[in-house]
1. How much length is gained on full extension from V87 to I99, taking 0.36 nm per residue of separation minus their Cα-Cα distance?
2. At a threshold of 8 angstrom on Cα-Cα distance, excluding pairs fewer than six apart, so keeping six or more, what relative contact order does segment 25-146 reach in percent?
3. Fewest to most neighbouring Cβ within 10 Å: what's the order for F31, F47, F54?
4. At 7 Å along the Cα-to-beta-carbon direction for both R30 and L117, put a label point, then send me their distance in nm to one decimal.
5. If you line up the Cα atoms of segment 25-146 on their principal axes, what length do they span on each, largest first, in Å?
Amino acid sequence: MTATPEPAPPHPSPTLTALPAGPPLWRDRRFMLLTAARTISVLGNGFARVALSFAVLALPGAGPGQLSLVLACQAVPQLAFVLVGGVLADRMSRSRLMIVADLVGAAAYAGLAAMVLTGHAPLWALCSLAALAGTATALCSSGCGSSWCSTRSSSPRSTPTPGCWDRWRPKAGWAVRAPGP
């Protein structure tokens, strides 16, 4: 006589957790400004990286080696300065860090665009500005980590409050990156 195996118990269905009560974040002007600024920043950085690739390849005599060097000059500082940006974000105003970093990044990308459009784009200058843009991206990303939380809390370093930006950040990042490369 053989024993029949018992059926497995049904898997519990995933439950959705209710969001905390309170005014919706979309009605808070500061949250909307932060969301708009981060969306523009992430889109701009994404488009700029693609445009930089095409611009380098369009330069006379440029090939995959030069493109790899310029993109590495952008990526390495971005990786290296994420930790430094976190330390800076803990020691100074996160909003100021984000604004300054975005302005520096925009200036670096404007310089890259000007060099490519004028046809005078030495490789060392492209690498320098790409490194500056990568550093600015890292610092801005580090500052964004909990900037909304600190504006909603009584103390800038306190525990995140219900309705914090952090619960929306993963969704916003996905929504902005979904149409991109």
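Please treat every number below as a calculation from the coordinates, not as lab data. Owing to the predicted nature of the structure, the values given are computational and were not obtained by experimental measurement. Please note: Cβ atoms are built from the backbone with ideal geometry, for glycine as well, and neighbour counts cover all protein chains shown.
1. 2.7 nm
2. Here the relative contact order equals 35 percent.
3. Final ranking by Cβ density, sparse to dense: F54, F47, F31.
4. 3.7 nm
5. Answer, in whole Å and largest first: 51, 28, 19 Å.
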